[in-house]
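S.K.: What follows is a single structure, and I will ask about it in a moment.
The values are calculated or read from the model by the stated rules, or taken from the named source; none is laboratory data. Just so it is clear, the structure is predicted and the values come from calculations on it, not from any experiment. In this analysis, Cβ positions are derived from the backbone assuming ideal geometry, glycine residues included, and neighbour counts consider all displayed protein chains. For accessibility, only protein heavy atoms count, side chains too; no ligands or nucleic acids. Shrake-Rupley method; radii C 1.70, N 1.55, O 1.52, S 1.80 Å.
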Amino acid sequence: MVESQHIIFIPESQQTPDELTEVVNEIPAGIKPRIVPWSGSVSAGVQAVESILDREEIRRVILVGAGTGAGVALEIAKNQPRRVERLVLDSPLVTFDEKQLKGMSTALKMMPGFFFRKKNKKDLLQQVEEARTAVPMGFSEITMPTLIIRGSAAKAGIDSDLEKQIPSARATTIIGANWLTYTTHGRQTGAAIAEFLAQ
């Protein structure tokens, strides 16, 4: 059973908080949920989350990171291990290979700006370039209990490597879900998180 009364959800970059409603509804009473929307680089996401933790003087927290938000959660857990009691990673997307990043960059450059609606094409290109030059994060230092959630319909990805690299990690699969399980299977994702917190 967890001690912390705070759980912070870090969704995929530029996703809206309402996509997490079903997940939040499954969180046990007594734990105060917060959703921290973010955009830009992982370091910008870390800054957004840490500013809330510091402003509200939250000393112990459960972090739930999804997609690229998992990279934000992992970075905080690595830098502040005493502050993070538990870690949940939904469909973690924390590394890309060079070929993927080059393809992303080329595709973004070719797309007209109006396709991006509220997103800034220049910011997205900068994020891809930062990912290309970033030093891969090591995960063996993550020692708090960690749950990795994946969808059965999602392609195999980095999460299987994470499970091997994080000593205290265990994984669960949401049947029928794809990447970012909470977007289509919110109740099941929330139930998996609640079960993990009860242990």
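S.K.: Scan region 144-166 for residues that are open to solvent by less than 40 Å² (accessible area, probe 1.4 Å), closer than 14 Å to L87 by Cβ and assigned to a loop (DSSP other than H, G, I, E, B) and jot them down.
M.R.: M144, I166 - these are the residues of region 144-166 that are open to solvent by less than 40 Å² (accessible area, probe 1.4 Å), closer than 14 Å to L87 by Cβ and assigned to a loop (DSSP other than H, G, I, E, B).
S.K.: Among the residues of region 167-186, write down those that are open to solvent by less than 50 Å² (accessible area, probe 1.4 Å) and either among the polar types (S, T, N, Q) or modelled with pLDDT under 90 (or both).
M.R.: Residues satisfying the conditions are S168, T172, T181.
Residue-by-condition table, conditions (1) free of Cβ contacts under 8 Å to residues at least 12 places away in the same chain; (2) assigned to a helix (DSSP H, G or I); (3) in contact with a strand residue (DSSP E or B) (Cβ under 8 Å, 6 or more places away or on another chain):
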| residue | (1), (2), (3) |
| --- | --- |
| S4 | no, no, yes |
| F9 | no, no, yes |
| Q14 | no, no, no |
| V23 | no, yes, yes |
| G30 | no, no, no |
| P33 | no, no, yes |
| V46 | no, yes, no |
| E57 | yes, no, no |
| K78 | no, yes, no |
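S.K.: Please work out if K109 is open to solvent by 60 Å² or more (accessible area, probe 1.4 Å), on the phi < 0 side of the Ramachandran plot and at pLDDT 65 or above.
M.R.: In short, yes.
S.K.: Would you confirm whether any residue within region 88-97 is open to solvent by 60 Å² or more (accessible area, probe 1.4 Å) and modelled with pLDDT under 95?
M.R.: yes
S.K.: Now a separate question. Within the group I31, I8, which residue is at negative phi, open to solvent by less than 10 Å² (accessible area, probe 1.4 Å) and out of contact with any Asp or Glu (no Cβ under 9 Å at 6 or more places or on another chain)?
M.R.: Values: I31 fails: open to solvent by less than 10 Å² (accessible area, probe 1.4 Å).
I8 is the lone residue from the list that is at negative phi, open to solvent by less than 10 Å² (accessible area, probe 1.4 Å) and out of contact with any Asp or Glu (no Cβ under 9 Å at 6 or more places or on another chain).
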